[in-house]
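Worksheet: the structure to be examined is printed underneath.
The values are calculated or read from the model by the stated rules, or taken from the named source; none is laboratory data. Quick caveat, the model's predicted, so the values are computed rather than measured. Cβ: placed from backbone, ideal geometry, glycine included. Neighbour counts: every protein chain shown.
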Amino acid sequence: MENTTLTPGLYIVATPIGNLGDITLRAAEVLRGCDHVLAEDKRVSAKLLRHLGASKPMTAYNDHSDAADRARIVERLGREAVALVSDAGTPLISDPGYKLVRAAREAGIAVHTLPGPSAAIAALTLAGLPTDRFLFAGFLPPKAKARAEAIAEVGAVRATLVFYESGPRLGDTLEALRDALGARDAAVVREISKLHEETVTGPLVELAARYAKAGPKGEIVVVVGPPADAAEASDEELDSALRTALASESASRAAATVAAALAVPRKRAYARALELAGR
């Protein structure tokens, strides 16, 4: 594909998450035929371009890019075909690309997407957990309190949960998931499509114990099954759990924790927590 066949605009290009052979034919054609590449890390993208036999000027676009950077890029999009890539997988998934897409659309620039690899979707296919409904939650916060609050927020959702994580933080994350979500089935998937690809499945309690001392190397996806179908907790069960939680937590935090643990509506748990707290 020659450059002249690509009209000016933004091309969102999914790139391999491991094996370079996973790139699509269309993605390879666009990367060879575009005028410019926006890369999360230019060093990483340069390796892919060399593999494809392409040599393109590149500009970094990542978490450090600001409104001024986007304005310069949008101006370029009016006259050039520009490919947006992340280090691996589909751009905009857990990265700031959506701001650029929004700015391009506001300027009337054409935006094209080239579907391809995504670690979250690939991990779902490997985990052996329900896929009819799932929620992608990205990276959990690094601090314990914020992490627990985030898990409580999504824990009651009747869907399979998908998180990204790094090796050094995996043990703490699995412990937090175990404490909040109990014995749900889960999977730890790493190095997808690479030589040392691995999927370990089991209840959260077993996975938390397995990775308690040291997390594995590589990019990691944690997949957690949905809450089991069960009768909603009785008033007595709810009150007992709330009293225990209220001994060390605020009404709001206790309600969130208990709602996730008992799979009851958070509104119900919070209303009762306020009554028990004497408010």
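Give segment 140-149 a look and list any residue that's touching a residue at least 12 places away in the same chain (Cβ under 8 Å) and either assigned to a loop (DSSP other than H, G, I, E, B) or farther than 20 Å from E175 by Cα (or both), or say none. Working first, answer last.
From segment 140-149, those touching a residue at least 12 places away in the same chain (Cβ under 8 Å) are 140, 142, 144, 147-149; that's our starting set.
Scanning segment 140-149 gives L140, P142.
Being touching a Phe, Trp or Tyr at 6+ places or on another chain (Cβ under 6 Å), farther than 20 Å from K267 by Cα and touching a residue at least 12 places away in the same chain (Cβ under 8 Å), is that true of even one residue in segment 225-241?
Within segment 225-241, not a single residue is touching a Phe, Trp or Tyr at 6+ places or on another chain (Cβ under 6 Å), farther than 20 Å from K267 by Cα and touching a residue at least 12 places away in the same chain (Cβ under 8 Å).
Name the one entry in A103, A137, A120, A152 that is assigned to a strand (DSSP E or B) and small (G, A, S).
Working: A103 fails: assigned to a strand (DSSP E or B); A120 fails: assigned to a strand (DSSP E or B); A152 fails: assigned to a strand (DSSP E or B).
Criteria check complete, one pass: A137.
Working carefully through the options V157, V205, V188, find the one that is β-branched (V, I, T) and in a strand (DSSP E or B).
V188 is the lone residue from the list that is β-branched (V, I, T) and in a strand (DSSP E or B).
Which condition does Y11 not pass, out of (1) in contact with a His (Cβ under 6 Å, 6 or more places away or on another chain); (2) part of a loop (DSSP other than H, G, I, E, B), if it passes all the others?
Failed condition: (2).
List the pairs whose first member sits in segment 68-80 and is under 15 Å from T7 (Cα atoms) and small (G, A, S), whose second member is crowded, with 18+ Cβ neighbours inside 10 Å and at pLDDT 95 or above, and whose Cβ atoms are under 9 Å apart, counting only residues at least 6 apart or on separate chains?
Note: pairs meeting the criteria are G78/I109.
Does A27 qualify as being in contact with a strand residue (DSSP E or B) (Cβ under 8 Å, 6 or more places away or on another chain) and modelled with pLDDT under 95?
Details: in contact with a strand residue (DSSP E or B) (Cβ under 8 Å, 6 or more places away or on another chain): yes; modelled with pLDDT under 95: no.
Spelling it out, it is not the case that A27 is in contact with a strand residue (DSSP E or B) (Cβ under 8 Å, 6 or more places away or on another chain) and modelled with pLDDT under 95.
Restricting attention to segment 217-234, which residues are more than 15 Å from A119 (Cα to Cα) and at pLDDT below 90?
Hits for segment 217-234 are K217, P227, A228, D229, A230, A231, E232, A233, S234.
Every residue, every condition in (1) charged (D, E, K, R); (2) in contact with a Phe, Trp or Tyr (Cβ under 8 Å, 6 or more places away or on another chain); (3) farther than 14 Å from T113 by Cα; (4) crowded, with 16+ Cβ neighbours inside 10 Å, yes or no:
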residue	(1), (2), (3), (4)
L10	no, no, no, yes
T15	no, no, no, yes
D22	yes, no, yes, yes
L25	no, no, no, no
V30	no, yes, no, yes
R43	yes, no, yes, no
G53	no, no, yes, no
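Condition first: of a type in the set (A, V, I, L, M) and crowded, with 21+ Cβ neighbours inside 10 Å. Now tell me which residues in segment 190-240 satisfy that. It would help to see each step written out before you state the result.
Taking segment 190-240 first, the residues of a type in the set (A, V, I, L, M) are 192, 195, 200, 204-205, 207-209, 212, 214, 220-224, 228, 230-231, 233, 238.
Residues satisfying the conditions are I192, L204, L207, A208, I220, V221, V222, V223, V224, L238.
Please tell me if A81 is touching a His at 6+ places or on another chain (Cβ under 8 Å) and crowded, with 16+ Cβ neighbours inside 10 Å. Outline the logic, then answer.
Working: touching a His at 6+ places or on another chain (Cβ under 8 Å): yes; crowded, with 16+ Cβ neighbours inside 10 Å: yes.
Yes.
Just checking, which of D172, D132 is charged (D, E, K, R), over 30 Å from A71 (Cβ atoms) and part of a helix (DSSP H, G or I)?
On the way: D132 fails: part of a helix (DSSP H, G or I).
Unique residue meeting the criteria: D172.
In segment 226-257, how many are within 30 Å of R190 (Cβ to Cβ), touching a helix residue (DSSP H, G or I) at 6+ places or on another chain (Cβ under 8 Å) and part of a loop (DSSP other than H, G, I, E, B)?
Selection size over segment 226-257: 1.
Determine whether R158 is surrounded by fewer than 20 Cβ atoms within 10 Å (Cβ to Cβ), modelled with pLDDT of 95 or more, charged (D, E, K, R) and over 17 Å from the mean Cα position of the chain (by Cα).
Values: surrounded by fewer than 20 Cβ atoms within 10 Å (Cβ to Cβ): yes; modelled with pLDDT of 95 or more: no; charged (D, E, K, R): yes; over 17 Å from the mean Cα position of the chain (by Cα): yes.
In short, no.
E197 - would you say it is modelled with pLDDT of 90 or more, of a type in the set (D, E, K, R) and assigned by TED's automatic domain parsing to the domain that holds E175? Reasoning before the result, please.
Working: modelled with pLDDT of 90 or more: yes; of a type in the set (D, E, K, R): yes; assigned by TED's automatic domain parsing to the domain that holds E175: yes.
So E197 fits the description; yes.
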